[in-house]
Every structure is written in structure tokens, then in C-alpha cells.
Amino acid sequence: MLTYLILTTRALMMATIVLGTIIGYTKLKGEKYQRNIVYVETIIGFVISFVIAYFRNATSLIDSAILNGWIYAISLISFVLFLILSIKPLAERNRVLRTLQWLFLGAISITVIAYATPDVWGYPYHVLLNEKTIISTDFLLSMIGMVLGLVLMIVGFMATQKILISSDEKIYEVVLRLELLVNAIVRLSGFFSVLLQKKIVKSNHTMFTYTVFVKNHGDLFIYISLIIIVVVSAIMCVRSFTQKEPYRNPAEHRKILAKWLKIRRWGGASLVVAILAICTMTVFEKMNETDVTLSPIEDATAVDNENVYVSFDLVSDGHLHRFAYETENGVTIRFIVIKKPNSSSYGIGLDACDVCGETGYYEKDGQVVCNLCDVVMNISTIGFKGGCNPIVIPYQIEDGQIIVPIDGLLEYESEFK
């Protein structure tokens, strides 16, 4: 249960804050047609996320890196154009520019949802790969953890909206831009990662360093998003005790008191969400850690300047074997090989996946298990895209050896810390 509470919280927390900020800002500032633009684009984002989840988990038709690259690019372009069009002289110039401003804000909503939620929609599928039935205790507990995470996100989404709508317009303008900036910093890291993986740009030390830093400190940016909202909540709660709004009769006074009481409650809710989210990603995660140790990296038979060679003799026993190549930057890129049951073929892929990152896989009772989410792999599907399967890498079979091109490994250098 804790595993899927943690995974859901980490996957959605920043998206929840950013989306709550966008929707609240839309309600506060947008005209009817502008609000409708953002709402429709938000719905489109959810539709796209379900489609991505299906194709990612049930087929091998999606290259997750390329898809994410497009999401990152659209998010960053929309962010920059929104900032430009929201400059007051431009925003006030004509209706077309105002409409474009809201279109780009809605586009950010689409990218936030399309990136963050597909993994979460795929969690039931991942668990069923192991349990085979929705009646099992493990499946029910896993889904309870996921639902608790979703409830936490819904409360966080509502609290973010309510507390910001009640704040000053200037505060909201600043908060919106800060939240979008934090989101853009993370998306830029992902965009650089795709450019480096797919060799769209040449190896660049600055881009690589930036990408690795943001990836290694992913939780930090979630905390920053939370802290921004908590600070605004604290400001509004303090203000609720010092407000001196005029009133003409006791009824108006009671209405004013009720408004500020509601603000305090939503402020308290945002604080509770922040505390629970941080505890989930720290204390609960520590409690949920297992003592699983990944098997050691084995020596390949030979490594030249172009390929890593793995002899059949090393991997023909049907067990999981782990190999690696160390790059010039000192990064160890791991990959796994396992002979498929009742077959002469091999399952080969990175010791990492698009869903859980480079936490790796281990063997237990003849099965291959993800070290982060405990999903059991179907060994026959290792080497194919989808779900929590290892990231596919190029290789060829020749003269009793598996030959893995170093160039194919270097594409994923930024995936490993």
C-alpha cells in the first residue's frame, strides 16, 4: 500500500500544485470564453493521458522518450509565449493576443497532465501483471495506496485554488509565474535529456550536468512548489486574524468572519497536504524500503571502443545477469540480460525503465522484479517497450555473443546518476 501511495504522490504532487494554480488563476482573472478555453484544454489533457497510458502499457507503439520530448518542448514554448503575451501592454492590445495568452496557459495544463498522470493510470495494470486478479489482497492494498494518493492530490488541488483566489491579485500573479517557472526548470531538464539520448545534439557537458542535477534533486522541486503555496497560506491565515473589513450590520460582520474562517481552513488544508506529501516521500518511503540488494555487475568478455560483448556462456542459465559500461563522465550505464524460459532467445534491456527510472531489477523465485514498485516482469516481454519493462536498447547476436553498441548505451547516459 505504501509503495503506491509514495509513487502516486511523487508522480502527481507538482502537477497538482501547478494545475491548481492555473485553474484558480483562470477562475479569478479569465472572462467566460477564456475560462472555457483553459477548461477544455484541461479535459483534452486528461483524454490524452488515458490514451498515452493505454498505448504505453498495452502496446509497444510508443517511444516514451520521443513522446516526452514533444511534451517538454510544448510546455516550454507555451510557458515562454504565455509570459510574453501576459505583459500588460501586449495583453491589453487586442482580443486575439488575450485569447492566445489563455490558449498557451491551457497548453501548459495539457502538458502537465499528459506527462504526470499516464504512469498513475498504469499502476493497476502493473499490479495485475503480478497478481492476475483484482480480488487478491495485494491488488486491493496497492489500489488503496493509489486512491489515498489521489485523494491527497484532490485536496491539494482544491486548497491551492481556494487559498490563491482569496489572496491579492498581485500575489497570485507572482505565485503563478513562480510555479510555472519551477515546472519549466524540470521540463527543461527532461528536454535536454531527450536531446542527449537521441543524439539530436552533440554531447554537451553543461546540458548533461544540468540534467543530472535536476533529476537527482527531483523531490527538491516538489518541495519548492509546496513551500510557495504554504507561504501564501500562512500570509492569508495571519491576515485573517488582523483584517478590519468594514460592515454595516451584524449579518455582514458574520459573513466576513465566515469568509476568513473558510480561508483559514483551506490554508490549514494546504499545510496538511504539504506535511503529508513530504512525509510520504521521506518518512514513509524510508519505512517502505526493503533490504533487496541488486546483484553485482558482471564482467563482459570484452569491451572495445564500439561494443560491449556478452558471451552466451555467461547468461545461458536462465537467471538475471547485470552488465555495465562506464562513460567518460564516470557514469555507469547498466543493462540486464536473461535467457527467456523455454526459448533460445534473450531478454535484453537497460537496468532502468521509463516509469521507475534507474532503480533496477532483481530476481526473486525465478521472476524479475522492479526494485521500486515491486512489479513482476513477464520475462517473455523483456526486450519490448511498455509498462515497467526495461528500456529497450539495440543489440545483435553473432558468433555466440550478444553485442551491445556503446553508442546505444550512451543515448541513456542521463538516465543513470
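Quick note: the coordinates plus some simple rules give every number you see, no bench work behind them. A quick note: this is a predicted structure, and the numbers were derived from the prediction, not measured. A quick note on method: Cβ atoms are made from the backbone with ideal geometry, for glycine too, and the neighbour counts reach across all protein chains shown.
What GluC sites (Glu not before Pro) in segment 276-352 are in a loop by DSSP, with at most 16 other Cβ atoms within 10 Å of the Cβ?
On the way: sites: Glu285, Glu289, Glu298, Glu306, Glu326, Glu328; in loops: Glu289, Glu298, Glu306, Glu328.
Within segment 276-352, the qualifying GluC sites (Glu not before Pro) (loop, at most 16 other Cβ atoms within 10 Å) are Glu289, Glu298, Glu306, Glu328.
Would you kindly work out the equivalent ellipsoid of segment 1-100 from its C-alpha gyration tensor and give its semi-axes, the square roots of five times the eigenvalues, largest first in whole Å? The partial results should precede the final answer.
On the way: eigenvalues 188, 59, 34 Å².
Semi-axes, largest first: 31, 17, 13 Å.
Multiplying the sequence separation of Asn36 and Ile297 by 0.36 nm and subtracting their Cα-Cα distance, what value in nm do you get? Don't jump to the answer; show the numbers that get you there.
Values: separation 261, 0.36 × 261 = 93.96 nm, distance 5.44 nm.
So the extension gain works out to 88.5 nm.
Can you give the relative contact order of the chain as a percent, counting alpha carbon pairs under 8 Å and 6+ residues apart? Kindly include the intermediate steps, with their values, before the conclusion.
Values: 625 pairs, mean separation 80.6, N = 417.
Over the chain, the number comes to 19 percent.
Magnitude of the Cβ-charge dipole of the chain, K/R +1 and D/E -1, about the Cα centre, nearest 20 debye?
Numbers: 36 positive and 37 negative charges, 683 e Å.
In total the dipole reaches around 3280 debye.
Angle between the Cα long axis of helix 218-242 and the longest principal axis of the chain, 0 to 90 degrees, nearest 10?
Compared with the principal axis, the helix lies near 20 degrees.
Using only Cα atoms and rounding to the nearest 10 degrees, what angle (0 to 90) does helix 32-58 make with the longest principal axis of the chain?
Helix 32-58 sits at roughly 20 degrees to that axis.
Step by step: find N for segment 227-291, compute 2.2 N^0.38 Å, then divide the Cα radius of gyration by it. What's the final number?
Details: Rg = 17.7 Å, N = 65, 2.2 N^0.38 = 10.7 Å.
Working it through for segment 227-291, the quotient is 1.65.
Sort Leu76, Leu226 so that the residue with the fewest other Cβ atoms within 10 Å of its own Cβ comes first and the one with the most comes last.
Values: Leu76 18, Leu226 23.
The order, fewest Cβ neighbours first, is Leu76, Leu226.
So what's Rg/Rh here for the chain, counting alpha carbon atoms and using the Kirkwood radius for Rh? Don't jump to the answer; show the numbers that get you there.
Working: Rg = 24.3 Å, Rh = 23.4 Å.
Using Cα coordinates only, the ratio equals 1.04.
Based on alpha-carbon centroids, what's the gap between segment 269-287 and segment 383-417 in Å, whole number please?
36
Given +1 on the Cβ of Lys and Arg, -1 on the Cβ of Asp and Glu, and no further charges, what dipole in debye does segment 229-357 carry about its Cα centre, rounded to the nearest 20? Mind dumping the intermediate values first?
Numbers: 14 positive and 15 negative charges, 442 e Å.
Using only the charged Cβ atoms, the result is roughly 2120 debye.
Scale the Cα Rg of segment 302-415 by the rule-of-thumb value 2.2 N^0.38 Å and send over the ratio, two decimals.
On the way: Rg = 13.3 Å, N = 114, 2.2 N^0.38 = 13.3 Å.
Computed over Cα atoms of segment 302-415, the ratio equals 1.00.
May I ask what percent, to the nearest 5, of DSSP beta bridges between residues of segment 258-417 are antiparallel?
Taking every DSSP beta bridge with both residues in segment 258-417, the antiparallel ones total about 100 percent.
For the Cα atoms of the chain, what angle does the longest principal axis make with the long axis of helix 169-197, in degrees from 0 to 90, nearest 10?
10
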